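In what follows, a single structure is set out as structure tokens and then discussed.
The values are calculated or read from the model by the stated rules, or taken from the named source; none is laboratory data. Note that this is a predicted model, so its numbers are computed, not measured. FYI the Cβ positions are ideal-geometry reconstructions off the backbone, even for glycines, and counts take in every protein chain you see.
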Amino acid sequence: MQSKRERSRVKDFMHKLTMQIARKLRDAECGAIFENLKGIKRRVLNGSKDMNRKLSKWNTRIQA
């Protein structure tokens with residue numbers, strides 16, 4: 001479980017990153033295509049120790 005401070009830092013980072021991407025797309029007069037990533041962490045979870053370490057760093061929650 002992440003601490004409140006860590007969640008806030010991740011949320012702030014993600015906001016700044018997405019705003020930067022949106023500005024670059026606007027300046028280049030391009031668009032973006034979004035994909036539904038709901039449940040992606042569960043789909044790629046395979047029990048491998050190395051993979052589980054990588055997945056634990058993803059900014060997502062496992063949803064039913």
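Test Glu6 against the criterion of being outside the structural domain of Lys57 (by TED's automatic domain parsing), modelled with pLDDT of 90 or more and out of contact with any Ser or Thr (no Cβ under 8 Å at 6 or more places or on another chain), and give yes or no. For Glu6, the condition - outside the structural domain of Lys57 (by TED's automatic domain parsing), modelled with pLDDT of 90 or more and out of contact with any Ser or Thr (no Cβ under 8 Å at 6 or more places or on another chain) - is not met.
Would you check if there is a residue in the stretch 19-29 being out of contact with any Cys (no Cβ under 9 Å at 6 or more places or on another chain), at pLDDT below 90 and of a type outside the set (Lys, Arg)? No, the conditions are met nowhere in the stretch 19-29.
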